[in-house]
1. For the range 167-173, just list the computed ³J(HN,Hα) in residue order, Karplus coefficients 6.51, -1.76 and 1.60, θ = phi - 60°, integers in Hz, with x standing in for Gly and Pro.
2. Given a cut-off of under 8 Å on Cα pairs at least six residues apart, what relative contact order in percent is computed for the chain?
3. Calculate the FRET efficiency for D22 and S270 from the Cβ-Cβ distance with a Förster distance of 51 Å, rounded to the nearest 0.05.
4. Search the structure for amide H atoms under 5 Å from the amide H of N265, placed 1.01 Å from N in the peptide plane, and list their residues when 5 or more places away or on another chain.
5. For K104, go through the aspartates and glutamates and keep the ones whose alpha-carbon is under 12 Å away, minus same-chain ones fewer than eight residues off.
6. Quick check on the chain: of the DSSP beta bridges with both residues there, what percent are antiparallel, nearest 5%?
7. What relative contact order, as a whole-number percentage, does the range 4-175 give when Cα pairs under 8 Å and 6 or more residues apart are counted?
8. Ignoring ligands, DNA and RNA, what accessible area per residue does the chain give at 1.4 Å, in Å²?
Amino acid sequence: MFKKTKIAGIGFYVPQNVVKNDDLKEVIDTTDEWIQERTGIKERRYVQRFKENTTTMAVEASKIAIERAGISANDIDFIIFATLSPDYFFPGCGVLLQRELGIKNNCGALDIRNQCSAFVYGLSVADQFIKTGMYKNILLVGSETHSAGLDFSTRGRNVSVIFGDGAGAVVLQPTEKQNQGILSTHLHSEGLHAEKLAFLHLGGHSGVFTGDQTDFQSSGKWGSLFVTQEMIDNGTAFPIMDGPFVFKNAVVRFPQVIMEALDANNKKLSDINMLIPHQANLRIAQFIQEKLGLSENQVYNNIQKYGNTTAASVPIALCEAWELGKIKDGDLVCLAAFGSGFTWGSALIEW
Ligand code: COA
């Protein structure tokens, strides 16, 4: 019998620390009205500094997903960790997650760097391993600590108001049931626009060095391994984004890749029970919904509460929609994402 991949367990974790738009106003030259009008975001979560990080959030989300899958951590036979904000430059968070979950079976751990579309990319990778029979319990996690690496000066306000911290996790298993499992994944990239939404210098999350590191620095845009005070002062130590350009590309690529998923499976827009778009910006999600003629009930958004959590946004939204009873067995669920790279992708799943 032909094997497909099902989501056997799902969980998410967001820090307790709620940061409202008005809280940001205390440090950034911005307003609640500006943020809500342009992005739909009302609040986001930030980790408790030095107590929580990308790995600890992933652990919490994973524990829920593992329990809901009805397995124990040691049953996990492969880990895929998606993040652009790892706790160390290396090793990746995958092995840290393995250690913190107490997985003792020496399973493989793969870290992927596909920013906002990383969860969909990770799902596609996991799907291939499950379908071929290579693995039976894959833990896929998206987790991000943005609050540690944002520019809270006026210079960086277009980026910093958008992003939040959080983690989402799924356990993937084979299924032979009809009307269940991943039908397809489609992945794309366009490196031409790599610098339109990027962090150009390495090491931003691994600490700030303020000493003399001229020997280590290169002069070009590829940067050095360390972040210097000079880089903080001139703004090159932070993510950069050409917001309007990203917006214009996102509203083209999202509908394209959603239609690609439907066409590949002979499905129509009306067949979609739930679309979970990457929570980039509420205006982008609303634009897609309108362009595709989808109803309010066919799309789930929660960026209002969590901001854009990059690799974690799709699994957080998927999990919350499922917990709210908005996704039921047999439903056709479409995941779609677009982000830095540019990279974008979709997955069509029968729940
Ligand atoms: N608060 C107040 N004003 C702000 C601000 C903030 N947080 N950020 C930017 N501004 C100002 C700018 O300085 C600019 O002022 P000016 O007209 O005096 O020069 C003005 O607002 C407009 O800036 P602009 O960047 O053109 O705004 P925008 O209407 O394009 O909205 C985004 C900015 C970022 C909200 C919007 O471009 C966007 O959502 N893009 C997509 C981003 C995204 O989804 N990224 C994630 C992809 S995965």
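1. 8, x, 9, 9, 9, 10, 9
2. Working: 855 pairs, mean separation 87.4, N = 351.
Contact order relative to length: 25 percent.
3. On the way: r = 41 Å, r/R0 = 0.80.
The calculated FRET efficiency here is 0.80.
4. none
5. Here the aspartates and glutamates satisfying the reach criterion relative to K104 are D75, D77.
6. On the way: 37 of 54 bridges.
Counting only bridges with both partners in the chain, antiparallel ones make up about 70 percent.
7. Answer for the range 4-175 is 36 percent.
8. Heavy-atom accessible area per residue stands at 43 Å².
The values are calculated or read from the model by the stated rules, or taken from the named source; none is laboratory data. Computed from a prediction, not measured in an experiment: that's the story for all the values here. When we count neighbours, we look across all protein chains shown, and the Cβ atoms used for this are built from the backbone with ideal geometry, even at glycine. Surface areas here come from the heavy atoms of the whole protein model, side chains and all, with no ligands, DNA or RNA. Shrake-Rupley method; radii C 1.70, N 1.55, O 1.52, S 1.80 Å.
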